[in-house]
1. Quick check: anything in the range 253-262 in a loop (DSSP other than H, G, I, E, B), at positive phi, free of Cβ contacts under 8 Å to residues at least 12 places away in the same chain and out of contact with any Lys or Arg (no Cβ under 6 Å at 6 or more places or on another chain)?
2. Looking at the range 265-292, which of its residues are within 14 Å of Met248 (Cα to Cα), outside any strand (DSSP E or B) and open to solvent by 10 Å² or more (accessible area, probe 1.4 Å)?
3. Anything in the range 316-341 that is open to solvent by 10 Å² or more (accessible area, probe 1.4 Å), assigned to a helix (DSSP H, G or I) and within 20 Å of Pro225 (Cβ to Cβ)? List them, or say none.
4. Just to be sure, is Phe73 more than 27 Å from Gln203 (Cα to Cα), among the aromatic types (Phe, Trp, Tyr), open to solvent by 30 Å² or more (accessible area, probe 1.4 Å) and modelled with pLDDT of 90 or more?
5. Mind listing whichever residues of the range 383-404 are part of a helix (DSSP H, G or I) and open to solvent by 70 Å² or more (accessible area, probe 1.4 Å)?
6. Looking only at residues in the range 198-222 that are aliphatic (A, V, I, L, M), in a strand (DSSP E or B) and touching a residue at least 24 places away in the same chain (Cβ under 8 Å), which one is farthest from Asn334 (Cα to Cα)?
7. Would you mind stating whether Leu300 is assigned to a helix (DSSP H, G or I), open to solvent by less than 70 Å² (accessible area, probe 1.4 Å) and at pLDDT 95 or above?
8. Among the candidates Lys140, Lys185, which residue alone is assigned to a helix (DSSP H, G or I) and free of Cβ contacts under 8 Å to residues at least 12 places away in the same chain?
Amino acid sequence: MKKIVFIVKDFFNAGLERRVTNLSNEIAKRGCSVIILATHGVAESTIFRLHPNISVVKVDESKKTFTEKKPQFKFDSKITEEEIPQTSKPSSVQSADKGKGGMKKSLKKRGYELAVSNNLFRSAYYKKLSKSVYRNWFLKQKPDVIVAFGLSRLQKAVFAVEGMDIKVFDAELLTLKKSISQDKKTYSYYAKLLKKSNGIIVQTHEEAQYFGKEKGIKSFIINNPIKPGLPEPYSGKRDKVIVNFCRMTPQKNIELLLNAFEKLHIEYPGYSLEIYGNAQDNEEREYKNKIIKLIGERQLDDCVTVYPPAAKVHERVLKSAMFVSSSDYEGLSNSMLEAMAIGLPCVCTDCLGGGAREVIKDHENGLIVPMNDAEAMCRAMKEFAENPTLAQKCSQNAAKIREELSAEKIARQWLDIIDG
């Protein structure tokens, strides 16, 4: 039985966890053993159901321990944000305020940040960390394949298994232009790192071009799988509700969505905007509070609502008029894919990373608008509001993605690469 380790930063209840869970479940169904290795945090409970062949392990790098965790499955349509596990990452300033221990942690963190900002120090740091913390665990587990989600995790894997007969792949989460500092030395460092691996798995054709001219780096394009068990697409009369469900980060540029909706609402006061916002750490909660404050300042409280994330959000938004994504950059947005899969007419920014362009053909299965252009976004929303025939056409064509990106098909693509 093939054993696969997926290395992630956290295993909470966000988009990456959804992607990894969907993929792991399909691979586990085929008889593989899967370990999800979290380098930072693991939720006490999860809205994702895990196959019995999957285990979740939390690393404590300071203690060099690996502890199996069993997140409790909690799938309730009435789930509130308070019930969804949150991280509690204090800022360095907050750490410094908490006595001598906090100050030491703050200085240690700053020392680490200084070290990894220099490529020579970065390489030395990760080699030491990997061999002292991870190598023995990999020797004991003897995985056939390691897939590291993100370059920080890739460093740990590559250095830890040097000389071992284990395949290592990098799987990118966001656009590489955001993940990697745009200087030649940093680019060169990660290019050399990827040459030590078996390849990089990206979500879009645009991302595949980033290291495209580098010899010795294999790039594979695999789109995200569609979450199984989504409700069937709705084809009846739609409510005058515009929706977005996402993680509350500046990357999502919710301000742009508010600007566009505010313009639309002047002409179409019957429409409302509902945002299901997942905030998992202090920074995200601050951003969510900023958006809520902005709604109040613009006196949009009567037509714009920010809800906690809902486990069964797809059932709640199924009859909505449209889904609108205002992101500045994305790998391949799970929210967008799921909105398309349930037949929501979609308006998406042509964001960095090429995620929208990867799956949306403008005016065929959705509408694509330029980034940071509230006027263009408003016009696209008006187009759906004024043209139900276009909305219905885009809805029907968008729903075809259920089959095109089914979890079963995507899992086969992963296994073809892993076995290749």
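The values are calculated or read from the model by the stated rules, or taken from the named source; none is laboratory data. None of the values given here were measured: they were computed from a predicted structure. Cβ: placed from backbone, ideal geometry, glycine included. Neighbour counts: every protein chain shown. Please note that ligands, DNA and RNA were not included when accessible areas were found on the heavy atoms of the full protein model with its side chains. Shrake-Rupley method; radii C 1.70, N 1.55, O 1.52, S 1.80 Å.
1. Within the range 253-262, not a single residue is in a loop (DSSP other than H, G, I, E, B), at positive phi, free of Cβ contacts under 8 Å to residues at least 12 places away in the same chain and out of contact with any Lys or Arg (no Cβ under 6 Å at 6 or more places or on another chain).
2. The answer is Asp281, Asn282, Glu283, Glu284, Arg285, Glu286, Tyr287, Lys288, Asn289, Lys290, Ile292.
3. Those that are open to solvent by 10 Å² or more (accessible area, probe 1.4 Å), assigned to a helix (DSSP H, G or I) and within 20 Å of Pro225 (Cβ to Cβ): Asn334, Ser335.
4. For Phe73, the condition - more than 27 Å from Gln203 (Cα to Cα), among the aromatic types (Phe, Trp, Tyr), open to solvent by 30 Å² or more (accessible area, probe 1.4 Å) and modelled with pLDDT of 90 or more - is not met.
5. Of everything in the range 383-404, those that are part of a helix (DSSP H, G or I) and open to solvent by 70 Å² or more (accessible area, probe 1.4 Å) turn out to be Glu386, Pro388, Thr389, Lys393, Gln396, Glu403, Glu404.
6. The extreme case among them is Ile200.
7. So Leu300 does not fit the description; no.
8. Lys140
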